[in-house]
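Here is the structure we will look at.
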Amino acid sequence: GATWTYNGPEGEHHWSKHYPYCGGAFQSPIDIKSELLRFDPTLRPIEIQNYNLSPNEQLTLGNNGHSVQISLPSKMHISSLPHRYTAAQLHFHWGSSGRPSGSEHTVNSKQYAAEMHVVHFNSDKYPNMSMAVDKSDGLAVLGVLIEVGEFNPAFEQFLRFINGIKYIDQRVQVPGFNIRALLPARLDEFYRYDGSLTTPPCYPSVLWTIFRNHVTISRKQFLDMATALYSSHAQESSPVPLNENFRKPQLVDSRVVLVSFKE
Ligand SMILES: NS(=O)(=O)c1c(F)c(F)c(S(=O)(=O)CCO)c(N[C@H]2CCc3ccccc32)c1F
Ligand SMILES: [Zn+2]
């Protein structure tokens, strides 16, 4: 489709010209405000299967011009939702070296340094991501808020290769590792709401699960992610840094945010 960016004439306020859903309802991300929350005792802890990948498996780490993404094998899935949701890819949103706040979801207006999304599709009903991406029950995304703090060895498993994908469409193979280690300790404490892709085409097709607890990466790890990548091609004379790749919080309207925990 048309090129879209996070700033400038193709920025988020213009997305709806080519992607009408971006101007529609049920959009993501949102600001998760305390007054919106409703405790739901029926929310089950997230249960994941086959996230612990062997180093003998190869994962594709790529720069798609909008984010850094890792393709995931289809044996990885979420087993605690009404349908099986099979993993497709994970990617990140971040700020910049000058502005270490780049999460998409915010909590009571607090923006975190970055955010990870593990994208899954409903494989009970749809054969692949492309068939699921525009269906109301098509996708389930796990969101992890990221703060700058302690060094995170799990992130190093892919960050150490990031200089191999500096430019758009570059890809490298990296050894598999335990993707569970990228998630917070508690998978039973989370926010849950109905929303959308946070990039064009912004389909309202995502069951969002944002974990209550953040994870940390070191300042150097954050800078590696926030300063290594470009959305331009390798040979281009004027490289375009890939950073600040987050959409602003959207209108919640009459949506309720469910929470799996009481204070
Ligand atoms: N924040 S988010 O979770 O809404 C989200 C993104 F923010 C994002 F950047 C991407 S992308 O594929 O890296 C680039 C634009 O699609 C996807 N990719 C999804 C959307 C469409 C598609 C098709 C096949 C595989 C993955 C995706 C995404 F679901
Ligand atoms: Zn995302």
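Numerical summary
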quantity: The one condition in (1) in contact with a Gly (Cβ under 6 Å, 6 or more places away or on another chain); (2) farther than 26 Å from residue 255 by Cβ; (3) crowded, with 20+ Cβ neighbours inside 10 Å that residue 102 fails to fulfil; calculated: (2)
quantity: Failed condition for residue 87, given (1) small (Gly, Ala, Ser); (2) buried (at least 20 other Cβ atoms within 10 Å of the Cβ); (3) away from ligand 1 (no atom under 12 Å from the Cβ); calculated: (3)
quantity: Close pairs (7 angstrom Cβ cut-off, 6 or more residues apart or separate chains): at negative phi and aromatic (Phe, Trp, Tyr) in the range 195-223, in a loop (DSSP other than H, G, I, E, B) and within 11 Å of ligand 1 (Cβ to nearest atom) anywhere; calculated: 203/133; 203/134; 203/196; 203/197; 208/28
quantity: Test: residue in the range 169-181 that is within 15 Å of ligand 1 (Cβ to nearest atom) and on the phi < 0 side of the Ramachandran plot; calculated: yes
quantity: The listed residue being out of contact with any Ser or Thr (no Cβ under 7 Å at 6 or more places or on another chain) and hydrophobic (A, V, I, L, M, F, W, C), out of 223, 207; calculated: 207
quantity: Failed criterion for residue 80 (all others in (1) crowded, with 20+ Cβ neighbours inside 10 Å; (2) more than 25 Å from residue 167 (Cα to Cα); (3) without any contact (Cβ under 8 Å) to a residue 60 or more places away in the chain hold); calculated: (1)
quantity: Complete set of residues in the range 133-164 that are away from ligand 2 (no atom under 16 Å from the Cβ) and under 25 Å from residue 30 (Cβ atoms); calculated: 134, 135, 136, 137, 147, 148, 149
quantity: Leading residue by the ranking (farthest from ligand 1 (Cβ to nearest atom)) among those in the range 109-127 that are over 14 Å from residue 217 (Cβ atoms) and touching a strand residue (DSSP E or B) at 6+ places or on another chain (Cβ under 7 Å); calculated: 109
quantity: Some residue of the range 50-59 being surrounded by fewer than 20 Cβ atoms within 10 Å (Cβ to Cβ), of a type in the set (D, E, K, R) and touching a residue at least 40 places away in the same chain (Cβ under 8 Å); calculated: yes
quantity: Qualifying residue in the range 157-165 (condition: under 22 Å from residue 76 (Cβ atoms) and basic (Lys, Arg)); calculated: yes
quantity: Hey, residue 218 within 16 Å of ligand 2 (Cβ to nearest atom), over 18 Å from residue 3 (Cβ atoms) and not acidic (Asp, Glu) or not; calculated: no
quantity: Selection within the range 30-63 - under 30 Å from residue 249 (Cβ atoms), part of a strand (DSSP E or B) and of a type in the set (A, V, I, L, M); calculated: 32, 37, 48, 61
quantity: The one condition in (1) more than 15 Å from the chain's Cα centre (by Cα); (2) modelled with pLDDT of 95 or more that residue 103 fails to fulfil; calculated: (1)
quantity: Residue under evaluation residue 25, criteria (1) farther than 25 Å from residue 109 by Cβ; (2) more than 15 Å from ligand 2 (Cβ to nearest atom); (3) out of contact with any strand residue (DSSP E or B) (no Cβ under 6 Å at 6 or more places or on another chain), criterion not met; calculated: (1)
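The values are calculated or read from the model by the stated rules, or taken from the named source; none is laboratory data. What you see is a predicted model, and the numbers here were worked out from it, not measured in a lab. As a convention, Cβ positions derive from the backbone with ideal geometry for all residues, glycine included, and neighbour counts pool all protein chains shown.
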